[in-house]
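The next block holds one structure in the form of structure tokens; read it before the comments.
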Protein chains: 4
Amino acid sequence: MSKRVAVLTSGGDAPGMNACIRAIVIACETKGYTLIGYLHGYNGLLNQEYETLSLNATHNLIQQGGTILHSARCEAFKSHQGAKDAAKNLQALGIDTLIVIGGDGSFKGAQHLSTCWDGQILGIPGTIDNDVAGCDATVGYYTAIDTAVSSIDKVRDTADAFERIFLVEVMGRHAGFLALNAALASAADYVIVPERFDNEQQELERIINQIEARRKLKGPVSFIVVVAENVWPGGLNTLAERLSSHMQSEVRPVTLGHVQRGGSPVSQDRLLATKLGTYAVGLVGTEKTLIMIGEVDHHPVEVPLKETWAYTKPLDECSVETMLATMNQRY
Amino acid sequence: MSKRVAVLTSGGDAPGMNACIRAIVIACETKGYTLIGYLHGYNGLLNQEYETLSLNATHNLIQQGGTILHSARCEAFKSHQGAKDAAKNLQALGIDTLIVIGGDGSFKGAQHLSTCWDGQILGIPGTIDNDVAGCDATVGYYTAIDTAVSSIDKVRDTADAFERIFLVEVMGRHAGFLALNAALASAADYVIVPERFDNEQQELERIINQIEARRKLKGPVSFIVVVAENVWPGGLNTLAERLSSHMQSEVRPVTLGHVQRGGSPVSQDRLLATKLGTYAVGLVGTEKTLIMIGEVDHHPVEVPLKETWAYTKPLDECSVETMLATMNQRY
Amino acid sequence: MSKRVAVLTSGGDAPGMNACIRAIVIACETKGYTLIGYLHGYNGLLNQEYETLSLNATHNLIQQGGTILHSARCEAFKSHQGAKDAAKNLQALGIDTLIVIGGDGSFKGAQHLSTCWDGQILGIPGTIDNDVAGCDATVGYYTAIDTAVSSIDKVRDTADAFERIFLVEVMGRHAGFLALNAALASAADYVIVPERFDNEQQELERIINQIEARRKLKGPVSFIVVVAENVWPGGLNTLAERLSSHMQSEVRPVTLGHVQRGGSPVSQDRLLATKLGTYAVGLVGTEKTLIMIGEVDHHPVEVPLKETWAYTKPLDECSVETMLATMNQRY
Amino acid sequence: MSKRVAVLTSGGDAPGMNACIRAIVIACETKGYTLIGYLHGYNGLLNQEYETLSLNATHNLIQQGGTILHSARCEAFKSHQGAKDAAKNLQALGIDTLIVIGGDGSFKGAQHLSTCWDGQILGIPGTIDNDVAGCDATVGYYTAIDTAVSSIDKVRDTADAFERIFLVEVMGRHAGFLALNAALASAADYVIVPERFDNEQQELERIINQIEARRKLKGPVSFIVVVAENVWPGGLNTLAERLSSHMQSEVRPVTLGHVQRGGSPVSQDRLLATKLGTYAVGLVGTEKTLIMIGEVDHHPVEVPLKETWAYTKPLDECSVETMLATMNQRY
């Protein structure tokens, strides 16, 4: 039987959201479902702002960064009245299934909506931070690693030329996935992530010891510290100043910033987004609801939305150990 | 106790081989092992051509394509005499452990060597083709997908401009991993892979049907067929001619070629290579031998070398189904 | 006074054509002109296929490869009847000025049209081949050099790994601009361009001498020959076979192909396209007609269309000499 | 007659410095000159820190960012004693010609050296800022534009997704070359450069007017302002706060930072660097000294070092006008 499906993107945009939307459009077309896209995240639900999505929209979409449905925060939706209004609007359009692409904040919004709307709700994890429990990777995460690594590769050119110490701040909200993997893949000399942050004094000592050991061996050297955002008290400049005064040499802070959210998605994000979007549409019309479609060990999984924020997803142990192993002894 | 370790790269070069060498150097340094690198694959073993690898060699190595140890075919090694000579040379240098980075051909060589040498032998899967059983991905595979996808993204610009049919040949030896995933991630319109190749007539009809259905709906359209190498009898030009005469319109064949082997490795290949290299050194001195270190479901695994070519690794079912699903209905 | 302007893209597509269209749209909007875009090159003129172009069309257009107006060959237009029909259609729409973005073939078409239509005709050079006289660079040329260089950078990884000889065929139609500059910028070891091609025997001897000199000094080496398309009798494979039999070693031919036409334009092409498009609209309504707007020594120039194909634009002497200088002595 | 040549890189590193060093090595080898490279800019002169440069050093060098000779500031050299010591060291090594790759500060250093040393001094402009008078472009400038443009392309993805205002700070020291051209090539909505900066109030009003005009026409829109470093009093955050409070909406500042100095040089920088390096060596042994080798209108020029900082190189008028033209009316 034909279904009416709606999709929205919410929270920080991530490369691959458009690839996911494309897969949903194609899958709906194949099944004969009608599909609309709400604009500006949950705002679109409140303001009944949407557009019908057909195959025309999908041409040359897989490679575009950002999200054609736009995203935005939406305070009004968080109230009970907000959920009620959204539910009314969904009913007015006869929507059977709502697919939400976003992070845990977006999924909490979906759960909140379910208090007023009994339609089917499916989530797809889309955020560069990878901080959604229940899945191995979120859509956008792979691209963000590559963007950070390309930037650090560039910073290293200058760091080497001047044999200077650089601090590079990488996004990740309150998780170290991006920072750890970007540091490992860029052969950074040290990494500071929230999951393994002891205290300022200890981290500082470790960094200084490592630089001094290197200098003793090699003379002047470049040294790159990757720092996850929100982890160092006082921020990157504070760390730069403390390190600089200890080392008696210049320390340059670089904040990669919003560049990390954009760009054409790399293949792994396009593949993940396409699989998850296709799989989600396959669940439309089933009894399953309030679940996130993710991928674990290369297979699709269905996870209750509530579990996606119930615990903090740990860093991959193998990556942590490899980073520790390669950080200790480095030229 | 201190060990003497040797490493070589063999078979087609792959992005990330250098990242793997770097990880091995660092891990050996940490453990206090001596490390030498044999040059030109198994030729180096026969000609006692090698260099000592120290931390100096690792600076700015993680991002380099190719292999600093070079690679080459080596017919002489395949004989019993070849294995005997290699064993003698390894003994002369007092090598305890040999690490071979390469594909199944390289691992067969390692097994062959074991008939004459009783030192420890460890393999690390390195090839863009991903056709090594027992691991999810081989070092170089992720970068090759991205290179193919970037190229197809570019071909699509011209295909769209002229609303023309393009055939793009992608590497992969006798496996469809690269072709399937590059097609899926580039939103190609059709893909031909050995694992799902029925016969020429049937494939041709499917392609033609799809183009005609598209044209009926949309008028002139671009159409990109990704073709795995070695699958179409007579090669890409034969397919282009047959399709062209059927469709009465120009069909352009593009062979991506050796460009797919090179380039700076993407993050996923750098991470995989670093983990496997580090893990392999961790096994040095244990009883384990004639095994490949791979990654399955994000965890390191140890696989007897013989199993890596004992069966044909199947395509990921989820990717196949997604490709089929998205190929049927496309704008 | 308000004007009605039309634009079309013709000939091989080139990165930056969209950036040029964007600039024309913005400039027309500023001046209060109406702008339409004919589709599929001169076919659009014959079939009255066009769309109105407004600022809506320009968002995120500067970075797109290909051409949103599509391109195509058009045999029917070459007849006198073709020009007459086109003229009639232009009059029916009240077009004052036609802007043609393309190469010399496209400009000949524009000149042909002028025998039947007395409206204003302006040309903008757009082709990756740079073979348009009267301007320093054509739109798309800078990007094509970079694409070829990135590809050769990748081929070198494999060439180095195997110390092997590679031939890389680069586009350029009958001109050596792309091949020469791609060779120079990629540190290729030899280049064959039509402007300096003596005869097969002589070129072959020079290549062989150079490889042998290198081998005498260094042992096995990689060696990359960049070959302009259409220059070697019998094509790249013929050269590969001859060289291979002389050198008694494998020689790999790589044809970069249509990949070179696509991709997001590099900054220099975006800048050139934007300047030329803006400048062209500034000439709308003046007496100037049948001219190409190009750039010479960083300044806009107006060149009679007829001069753009009257003589063969020579290679830049400084580039030729530098290539010769750096080719002679190379590691 | 054989000559002894020395080369150093000084000031901020720039992509293409290595390509220039490579060209100098090859040209010296061809001429039979001996070449040494001083390390760490003028420090190497003072500390007699150098290495001999031979063809071995040039393999795979053209594509590397940074500088293998390192760079550094050097206060000690600025004194008379510094110049005397440097001169003594040059004489001790029998250097005939010193080639300095850097910006105007580096050239001032060379002039200072000439008060104590009567050897030949040649300069080659290398800086991403392009703020050296007497040449069209400096080595590194083209790559820095592309890096900035790629970053702004990524920022636009997020800006569009959230329809938000972004400020992007681009390097350039006290010149607007990078900012202007990056803004033009990335289709930024506004640009602030020192050469055309009136006062804060006026710039702010213009930005606000433009955003409001756009919003009136289109509803919420993204808006990207490119800001040259060192131009806005109080810096980017000050501007962000003022704009934010005026517009009553979030304004995000992004500082691209040192990423802009690094990366593999684009083709245009590799070509420029190779030509200038080759040309400079051609002048070794002539009477010409204390000159910079630059390129003007695609031809090599020789400019007295003193002229390179005697006046402020103006922005290209054509770029300024095009930016103004395209900024006024934009979707």
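FYI, it's all coordinate maths here, none of it is from the lab. These numbers come from a predicted model, not from an experiment. In this analysis, Cβ positions are derived from the backbone assuming ideal geometry, glycine residues included, and neighbour counts consider all displayed protein chains.
Among B:Leu184, C:Leu236, sorting on how many other beta-carbon atoms sit within 10 Å of each Cβ, with the fewest leading, yields C:Leu236, B:Leu184. Out of every Cα pair in the stretch C:144-261, what percent are spaced more than 25 Å from each other? More than 25 Å apart: 14 percent of the Cα pairs in the stretch C:144-261. Compared with the alpha-carbon gap, the fully stretched path from D:Cys318 to D:Gln48 is longer by 92.6 nm at 0.36 nm per residue.
For the stretch B:57-100, what class follows from the C-alpha gyration tensor (a ≥ b ≥ c being the square roots of its eigenvalues): rounded when a/c is under 1.5, otherwise prolate if a/b is larger than b/c, else oblate?
oblate
The mean count of C-beta atoms from other chains within 10 Å of the C-beta of residues in D:9-19, rounded to a whole number, is 2.
To the nearest 0.05, how large is the calculated FRET efficiency for C:Asn237 and B:Lys108 if R₀ is 35 Å and r is the Cβ-Cβ distance? E between C:Asn237 and B:Lys108, to the nearest 0.05, is 0.65. Peptide A:59-69 is shielded by partner chain Cβ atoms: per residue, an average of 6 of them sit within 10 Å of its Cβ.
Summary of the geometry: the stretch C:268-331 and the stretch C:64-110, compared by the centres of their Cα atoms, lie 22 Å apart. Between this copy and the others, label points of C:Arg196 are 4.0, 5.0, 5.4 nm apart in ascending order, each placed 7 angstrom from Cα in the Cβ direction.
Taking Cβ atoms as reference points and 11 Å as the exclusive limit, the residues near C:Asp157 contribute a net charge of 0, counting Lys and Arg as +1 and Asp and Glu as -1. Among D:Ser245, D:Ser264, D:Ser150, the largest mean-square fluctuation in a Gaussian network model of chain D, built with springs joining Cα atoms closer than 10 Å, belongs to D:Ser245. Each other copy holds its own label point for A:Gly94; taking that point as 7 Å from Cα along Cα to Cβ, the gaps run 4.4, 8.3, 9.4 nm, nearest first.
Of the Cα atoms belonging to the stretch B:1-111, the radius of gyration and Dmax stand at 13.3, 39 Å.
How high is the FRET efficiency between D:Ala92 and D:Lys306 when r is their beta carbon distance and R₀ equals 22 Å, given to the nearest 0.05? Please report the intermediate quantities before stating the final value.
Numbers: r = 28 Å, r/R0 = 1.26.
Step by step, r from the Cβ atoms, then E = 0.20.
Can you bin the protein assembly as shown into rounded, prolate or oblate? Criterion: square roots of the alpha carbon gyration tensor eigenvalues sorted a ≥ b ≥ c, rounded for a/c under 1.5, prolate for a/b above b/c, oblate for the rest. Note, shape of the protein assembly as shown comes out rounded. Among the chymotrypsin sites (Phe, Trp or Tyr not before Pro) in the stretch B:275-324, those located in a DSSP loop and surrounded by at most 16 other Cβ atoms within 10 Å of their own Cβ are B:Tyr311. Sorted shortest first, the distances from the C:Cys318 label point to those of the same residue in the other copies are 1.5, 5.3, 5.5 nm; each point sits 7 Å from Cα along Cα-to-Cβ.
Distance between the C-alpha centres of the stretch C:163-191 and the stretch A:208-246: 44 Å, rounded to the whole angstrom. Within a straight-line Cα-Cα reach of under 17 Å, C:Lys31 can be paired with the following lysines, leaving aside sequence neighbours fewer than 8 residues apart in one chain: C:Lys3, C:Lys275.
Can you check what the net charge comes to around D:Asp104, using other residues whose Cβ is under 15 Å from the Cβ of D:Asp104 (Lys, Arg +1; Asp, Glu -1)?
Numbers: positive: D:Arg73, D:Lys78, D:Lys108, D:Arg173, D:Lys306, D:Lys313; negative: D:Asp129, D:Asp131, D:Glu307.
Here the count lands on +3.
The orientation-averaged projection of the convex hull spanning the C-alpha atoms of the stretch C:191-253 amounts to 4.1 square nanometres.
With all pairs of different C-alpha atoms in the average, the Kirkwood value for the hydrodynamic radius of the stretch B:187-331 is 18.9 Å. Pairs of Cα atoms in the stretch D:83-210 fall into 5 Å distance bins, from 0 up to the last occupied one, in shares of 2, 10, 15, 15, 13, 11, 9, 7, 6, 5, 4, 2, 1 percent. Chain D comes nearest to the axis taking it onto chain B at the Cβ of one residue; that residue and its distance, in whole Å, are D:Ser264, 4. Each Lys or Arg adds one and each Asp or Glu subtracts one; over the other residues with Cβ under 14 Å from the Cβ of C:Tyr311, this totals -2. For chain C, a Gaussian network of Cα nodes joined below 10 Å ranks C:Leu305, C:Leu283, C:Leu272 by mean-square fluctuation, and the top entry is C:Leu283. Just to be sure I understand: with springs between alpha-carbon atoms less than 10 Å apart, which residue in B:Cys74, B:Cys116, B:Cys318 has the highest mean-square fluctuation in the Gaussian network model of chain B? Result for chain B, Cα springs under 10 Å: B:Cys318 fluctuates most.
Cross-link reach is defined here as a Cα-Cα straight distance under 21 Å, omitting same-chain residues fewer than 8 places apart; for D:Lys154 the lysines meeting it are A:Lys154, B:Lys154. Each 10 Å bin, from zero up to the one with the longest distance, holds this percent of the alpha carbon pairs of the stretch D:172-226: 23, 48, 25, 4.
Take every DSSP beta bridge whose two residues both sit in the protein assembly as shown; close to 20 percent of them are antiparallel. Note that chain D carries a Kirkwood radius of 20.9 Å, evaluated over its alpha carbons pair by pair.
Counting partner chain Cβ atoms within 10 Å of every residue's Cβ in C:265-273, what's the average? Please report the intermediate quantities before stating the final value.
Values: counts 2, 9, 16, 8, 1, 8, 11, 1, 1.
Mean partner shielding for this stretch: 6.
Taken as entire DSSP H runs, the helices of chain D that both span 15 Å or more between Cα atoms along their own long axis and average -0.5 or more on the Kyte-Doolittle scale are D:17-31, D:141-162, D:236-247, D:267-283, D:317-328. Sorting A:64-71, A:97-104, C:108-115 by their mean Cβ neighbour count within 10 Å, with the most densely packed peptide first, gives A:97-104, A:64-71, C:108-115.
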